[in-house]
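Take a look at the structure set out below.
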Amino acid sequence: MIELAPVELEQVRRRWDDVTARVAACRRPWMHDVAIVAVTKGFDQSAIAAAADVGASAIGENYAQQILAKRDVIEALRPEVHFIGHLQSNKVRQLTGLVTVWASLDRRSVVDEVAKRAPAARVRLQVNTTGEDQKAGVEPDELSGLLHRARERGLEVEGLMTIGPTDAPPEAARPAFARLRALVDEHGLEVCSMGMTHDLEIGLEEGSTEVRVGTALFGPRPR
């Protein structure tokens, strides 16, 4: 049995105001509109309901089993569900119909499976811009091939996503984020998804169009 933590709506409302203020403080006249994905992993169905209440149109989930555990509220509220974790090919079939955006495609086998199970799906490709061996993501010099394959398979590639360096101060993410922005521009894509609770300001300064925020909205995740 998956044990997920509840959230308190009033706390989420206050935190949402704080997050939107952080995003607004980084806005410049030339910047794109910024989407906020509320990352509900580790929390129960109340987090999705709270996200809907405060006006977050998209939620992010990292684990197939947690999405399946929240099927009822997802089907009732119909939020835009972004799968942002490491995706295993054998989980794609179970998630089809619940996931709106496959946001972490990073290898051919997963691209092929999503194209098979969810034709013309909206996707983002995850790029490893930090060079860390333990991180998921296609290498920057292999991105063109994966992008071509995804488009060839009929997927709607909206953009790219990346994660900043592990256990590092926010400023350390700047080179990785600048690299992703350059790749988005190079390939003529729209979505540049980078920046989380601790480094969203750096992401926005480097041209992010979408930040993924969990802890700042729902509090520390239970272990």
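Only the coordinates and a few stated rules stand behind these numbers; no lab work does. Everything numeric in this text was worked out from a predicted model, so none of it was measured. Here Cβ is always computed from backbone atoms with ideal geometry, including for glycine, and neighbour counts include all displayed protein chains.
For the chain, the extents of the C-alpha atoms along the principal axes are 45, 40, 31 Å, listed from largest to smallest. The calculated FRET efficiency for the pair R93 and R71, based on their C-beta separation and a Förster distance of 22 Å, comes to about 0.95. Once the Cβ-Cβ distance of A21 and E152 is raised to the sixth power relative to R0 = 30 Å, the FRET efficiency obtained is 0.10.
By the beta-carbon count within 10 Å of each Cβ, the least crowded to most crowded order of M161, M196, fewest first, is M196, M161. Computing FRET efficiency as 1/(1 + (r/R0)^6) for A136 and R14, where r is the C-beta to C-beta distance and R0 is 30 Å, gives about 0.35.
Each stretch of four or more DSSP H residues adds -39500 (n - 2.57); spread over every residue of the chain, this sum gives -11000 deg cm²/dmol at 222 nm. Over the C-alpha atoms of the stretch 128-180, the Rg to Rh ratio, Rh being the Kirkwood estimate, stands at 1.04. By the count of neighbouring beta-carbon atoms within 10 Å, fewest first, T40, T215, T209 end up ordered T215, T209, T40.
Between E171 and H187, the contour length at 0.36 nm per residue exceeds the Cα-Cα span by 3.2 nm.
As a proxy for reagent exposure, R78, R124, R149 were ordered by neighbouring Cβ count within 10 angstrom, fewest first; the result is R78, R149, R124.
Peptide packing for 140-146, 200-206, 53-59 was compared via the average number of neighbouring C-beta atoms within 10 Å per residue; ordered from the highest value, the list is 200-206, 53-59, 140-146.
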